[in-house]
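This report concerns only the one structure given below.
The values are calculated or read from the model by the stated rules, or taken from the named source; none is laboratory data. The structure presented is a predicted model; accordingly, all values stated were derived computationally and were not measured. Counting neighbours? That spans all protein chains shown, and the Cβs are built from the backbone with ideal geometry, glycine included.
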Amino acid sequence: MKDIRDILLHDETIFRDMNAFDPDYVPENYRYRESQMEALAVCIRPALRNGRPVNAIILGSCATGKTTAIKKIFEMVESTSENVVCCYINCQLHTTRFGIFSQIYSKIFGHQPPETGVPFSRIYQAIMQHLASENRALVVALDDINHLFYSKNANKVLYDILRAHEVFDGVRTGVFAVLSDIEFRYALDKNVNSIFIPQEIIFPPYTREEIFNILRDRVRVGFYPGVISDELIERITDHTVDTGDLRYGIDLLRVCGNLAEADASPLITEEHLERGVRSAGPVNLMHTVRTLSSQEKEFLISMIEAEDDDITAGRLYELFHERTGASYSSFNRTIEKLEFLRLIDTRLTGKGVRGNSRIVIPRFSRDELKRCLD
């Protein structure tokens, strides 16, 4: 058994930059999202010319580059102009009206407002008066905005941002609303809906080739040369495609690197990969399943109980309807969502009574799905 002190105190490392494998790392070489970046730039461009920014809804499943694209475009804007304040907010962490505007206040003034003793109206007024007096536009990216709808704060926050010009002359504001859930239906008050009118920007899932090249880019930044072979990167790419989440592959690279260092190995080997997959795989699937709605989980339970690898959509709907009472249109939306998340695959056959029949195929074993649902 290794001496734990050898692991903790070993000076040599195979990592050139371990930060390259962090979830919030913004790569210098950001590829395959040129058209989306252009669309974001078009939305911000009016603000650079003393106009009002264009609002946008940014749609795509998890780990399709939405957050990175926003951070990159905000970085570009702030490096070229002082006329626009760009504020990124994670709505999983900040779900209240006070919390959202505290982040905007901090971005503008460089420090958080007092947490107690100061009414919201004073913070809001300080923000808007600064924007008006300095003639600066404000673009707020609300990442995972669905969490604001769950907390019933979305309409108020959007109203406060988008209608500020009605109280403060000359204020120019815009919102980038980021959604990972394609099934999510955002319901806006008519007072908000009449002014939001967003541009829709879609982030499709990465292809296998794109995933491989992104992982290889991270390897070049994160590891020293020769630490991991292209063959193992190909294997990690296959595992990543199976999970449908790029973050899984990036994290698996980190895990394999840590395992190699613990073995005092200058190379990541196949054995490190196998151990890394055993430790990383169930956690990633668990996270995806945990984010599903109760109805989507019932769909997976129906599929598990069917015990048929090639169940038709018609038969699966019967089981799903028995459990939930949901309509066929709701069933179809659930299939689209789970296929989008790469939990299932579908294919058409010519065996149906009325023409083509659709087959639903789980991408994970029933035992794995059942463990996550349990």
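State whether one or more residues within the stretch 54-65 are part of a loop (DSSP other than H, G, I, E, B), modelled with pLDDT of 95 or more and touching a Ser or Thr at 6+ places or on another chain (Cβ under 8 Å).
No, there is no match, as no residue in the stretch 54-65 is part of a loop (DSSP other than H, G, I, E, B), modelled with pLDDT of 95 or more and touching a Ser or Thr at 6+ places or on another chain (Cβ under 8 Å).
Test of understanding: among Thr95, Thr68, which residue is within 26 Å of the chain's Cα centre (by Cα), outside any strand (DSSP E or B) and over 30 Å from Tyr32 (Cα atoms)?
Criteria check complete, one pass: Thr95.
Tell me whether the stretch 13-31 contains one or more residues that are out of contact with any helix residue (DSSP H, G or I) (no Cβ under 6 Å at 6 or more places or on another chain), in the same structural domain as Tyr150 (by TED's automatic domain parsing) and assigned to a helix (DSSP H, G or I).
The answer is no; no qualifying residue exists.
What's the number of the only condition in (1) surrounded by fewer than 14 Cβ atoms within 10 Å (Cβ to Cβ); (2) assigned to a helix (DSSP H, G or I) that Asn50 fails to meet?
(2)
So how many residues does the stretch 315-353 have that are at pLDDT below 85 and of a type in the set (D, E, K, R)?
Matching residues across the stretch 315-353 total 8.
Is there any pair with a first residue in the stretch 98-122 that is of a type in the set (Ser, Thr, Tyr) and a second that is not in a loop (DSSP other than H, G, I, E, B) whose Cβ atoms are under 9 Å apart and which are 6 or more apart or on different chains, and what are they?
Ser102/Ile123; Tyr105/Ile123; Tyr105/Tyr124; Tyr105/Ala126; Tyr105/Ile127; Ser106/Cys87
Exactly one condition in (1) among the charged types (D, E, K, R); (2) within 30 Å of Ser35 (Cβ to Cβ); (3) in contact (Cβ under 8 Å) with a residue 60 or more places away in the chain is false for Asp230; which is it?
(3)
Hey, which of the helices (runs of 4 or more DSSP H) in the stretch 205-309, taking only ones fully inside, have at least 3 residues that are farther than 18 Å from Leu369 by Cβ and in contact with a His (Cβ under 9 Å, 6 or more places away or on another chain)?
Per the criteria, 246-262.
Of the numbered conditions (1) modelled with pLDDT under 75; (2) polar (S, T, N, Q); (3) surrounded by 13 or more Cβ atoms within 10 Å (Cβ to Cβ), Thr312 satisfies every one except a single condition; which is it?
(1)
Identify, please: which residue in the stretch 221-251 is modelled with pLDDT of 95 or more and acidic (Asp, Glu) and is, among those, farthest from Glu12 (Cα to Cα)?
Across the stretch 221-251, the extreme among qualifying residues is Glu234.
Evaluate the following for Phe74: is it modelled with pLDDT of 95 or more, within 22 Å of Ser35 (Cβ to Cβ) and among the aromatic types (Phe, Trp, Tyr)?
Against the criterion (modelled with pLDDT of 95 or more, within 22 Å of Ser35 (Cβ to Cβ) and among the aromatic types (Phe, Trp, Tyr)), Phe74 qualifies.
Can you find a residue in the stretch 115-126 that is under 32 Å from the mean Cα position of the chain (by Cα), exposed (fewer than 12 other Cβ atoms within 10 Å of the Cβ) and on the phi > 0 side of the Ramachandran plot?
no
Quick check on Ile44: is it at pLDDT below 95 and at negative phi?
When the stated conditions are applied, Ile44 does not pass them.
Can you report the number of residues in the stretch 286-313 which are within 20 Å of Thr349 (Cα to Cα) and of a type in the set (A, V, I, L, M, F, W, C)?
Going through the stretch 286-313 one residue at a time, the tally reaches 4.
Hey, any hits in the stretch 104-127 for a residue that's under 23 Å from Pro198 (Cβ atoms), at pLDDT below 95 and part of a helix (DSSP H, G or I)?
No, the stretch 104-127 has no match at all.
Just one of Leu59, Leu40 is closer than 14 Å to Pro204 by Cα, out of contact with any Gly (no Cβ under 7 Å at 6 or more places or on another chain), surrounded by 18 or more Cβ atoms within 10 Å (Cβ to Cβ) and in the same structural domain as Val139 (by TED's automatic domain parsing); which is it?
Exactly one of Leu59, Leu40 is closer than 14 Å to Pro204 by Cα, out of contact with any Gly (no Cβ under 7 Å at 6 or more places or on another chain), surrounded by 18 or more Cβ atoms within 10 Å (Cβ to Cβ) and in the same structural domain as Val139 (by TED's automatic domain parsing), namely Leu59.
Would you call Ser35 surrounded by fewer than 20 Cβ atoms within 10 Å (Cβ to Cβ), modelled with pLDDT of 95 or more and outside any loop (DSSP other than H, G, I, E, B)?
yes
Here is a list of conditions, (1) in the same structural domain as Ile268 (by TED's automatic domain parsing); (2) more than 17 Å from the chain's Cα centre (by Cα), and Ile211 meets all of them except one; can you say which number that is?
(2) is the only condition that Ile211 fails.
Might you let me know whether the stretch 149-159 holds any residue that is assigned by TED's automatic domain parsing to the domain that holds Gly51 and in contact with a Pro (Cβ under 8 Å, 6 or more places away or on another chain)?
no
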